[in-house]
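Here's the structure, in structure tokens; my notes come after.
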Amino acid sequence: MNGMENLRIRKVQLSLERVHHAGGPVLGEPLHRGSIAAVLANPFAGRHEPDLSGFMESLIPLGMSMAEELRDALTAHGGRIEGYGKGAIAGVNGELELAAVWHAPGGAGLRAALDDPKAMVPAAKKVGVLGCQLDLPLVYLHASYLRSHYDVVPVVVPDGPRPDEVVYALGMSTGPRPHHRIGGFTIDEVEGSDGLR
């Protein structure tokens, strides 16, 4: 499993959507959005672990694999990825820091799969119950101040996270929000040098 042998992965959930309009005119090209979520056993459930660095390191191959799978699923129609984000939910026998360890592995996976974009990868994290929803924030890959691409991808695993599990998730989109019209600079004006503009 490419370095993931020691992770107790119960399931991986891939969710895709194709948006034709959002109440306005039909889009010339549908917006494709999606998420991928892995449900893992929390090796530290019910106890405090002072050093999470080893566990965080073990998640790097998972982040790479998930990012590639989601990218390939969303671009199968010939589009390209423009937005990205990440997030995690720790089950109630865990703590927020078990969700926070996903920051580096999830971000590294997205950057590697998408040719090293510069914008900061936004994130959401929480401690939650079975079937709770997490909204993954999305920004444009190369310029996080591009308002047209501020979006969210909801992630719900109906049977997770169980109390002793963690859900790690990634989100992507192939374009801006449908019918975006809140001003700001446009995608054609992106410089892409500092990850902001």
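Does Leu170 count as in a loop (DSSP other than H, G, I, E, B) and either within 15 Å of the chain's Cα centre (by Cα) or among the hydrophobic types (A, V, I, L, M, F, W, C) (or both)? I'd like the intermediate steps shown before the answer.
Working: in a loop (DSSP other than H, G, I, E, B): no; either within 15 Å of the chain's Cα centre (by Cα) or among the hydrophobic types (A, V, I, L, M, F, W, C) (or both): yes.
Against the criterion (in a loop (DSSP other than H, G, I, E, B) and either within 15 Å of the chain's Cα centre (by Cα) or among the hydrophobic types (A, V, I, L, M, F, W, C) (or both)), Leu170 does not qualify.
For segment 99-117, enumerate the residues that are of a type in the set (D, E, K, R) and surrounded by fewer than 16 Cβ atoms within 10 Å (Cβ to Cβ).
Filtering segment 99-117 down to residues of a type in the set (D, E, K, R) leaves 111, 115-116.
Within segment 99-117, Asp115, Asp116 meet the criteria.
Hey, among Ser53, Ser35, which residue is more than 25 Å from Ala73 (Cβ to Cβ) and either surrounded by fewer than 11 Cβ atoms within 10 Å (Cβ to Cβ) or under 14 Å from the mean Cα position of the chain (by Cα) (or both)? Show your work before the answer.
On the way: Ser35 fails: more than 25 Å from Ala73 (Cβ to Cβ).
Checking each option against the conditions leaves just Ser53.
Do you know which residues across segment 99-117 are assigned to a loop (DSSP other than H, G, I, E, B), hydrophobic (A, V, I, L, M, F, W, C) and more than 14 Å from Met66 (Cα to Cα)? Lay out the reasoning, then the answer.
Here is the first cut: in segment 99-117, the ones assigned to a loop (DSSP other than H, G, I, E, B) are 101-102, 114-117.
Narrowing further to those that are hydrophobic (A, V, I, L, M, F, W, C): 101-102, 114.
Residue satisfying the conditions is Val101 alone.
Out of segment 118-159, which residues are charged (D, E, K, R) and either assigned to a loop (DSSP other than H, G, I, E, B) or surrounded by fewer than 19 Cβ atoms within 10 Å (Cβ to Cβ) (or both)?
Looking only at segment 118-159, we keep the residues that are charged (D, E, K, R), and these are 118, 125-126, 135, 147, 151, 159.
Once the filter is applied, which keeps residues that are charged (D, E, K, R) and either assigned to a loop (DSSP other than H, G, I, E, B) or surrounded by fewer than 19 Cβ atoms within 10 Å (Cβ to Cβ) (or both), segment 118-159 yields Lys118, Lys126, Asp135, Arg147, Asp159.
Could you count how many residues in segment 76-98 are of a type in the set (Gly, Ala, Ser), buried (at least 16 other Cβ atoms within 10 Å of the Cβ) and part of a loop (DSSP other than H, G, I, E, B)? Let's see the steps before the verdict.
Initial filter on segment 76-98 (of a type in the set (Gly, Ala, Ser)): 76, 78-79, 83, 85, 87-88, 90-91, 94.
Within this subset, residues satisfying the condition of being buried (at least 16 other Cβ atoms within 10 Å of the Cβ) are 83, 85, 87-88, 90-91, 94.
Those left that are additionally part of a loop (DSSP other than H, G, I, E, B): 91, 94.
Selection size over segment 76-98: 2.
Do we have any residue at all in segment 6-19 that's surrounded by fewer than 17 Cβ atoms within 10 Å (Cβ to Cβ), modelled with pLDDT under 95, touching a His at 6+ places or on another chain (Cβ under 7 Å) and not acidic (Asp, Glu)? Spell out how you get there, then give the answer.
Looking only at segment 6-19, we keep the residues that are surrounded by fewer than 17 Cβ atoms within 10 Å (Cβ to Cβ), and these are 6, 8-12, 14, 16-19.
Among the residues that remain, those that are also modelled with pLDDT under 95 are: 6.
This time we only want the ones that are touching a His at 6+ places or on another chain (Cβ under 7 Å), so: none.
No, segment 6-19 has no match at all.
The values are calculated or read from the model by the stated rules, or taken from the named source; none is laboratory data. The structure presented is a predicted model; accordingly, all values stated were derived computationally and were not measured. Glycine also receives a Cβ, built like all others from the backbone with ideal geometry; neighbour counts cover every protein chain displayed.
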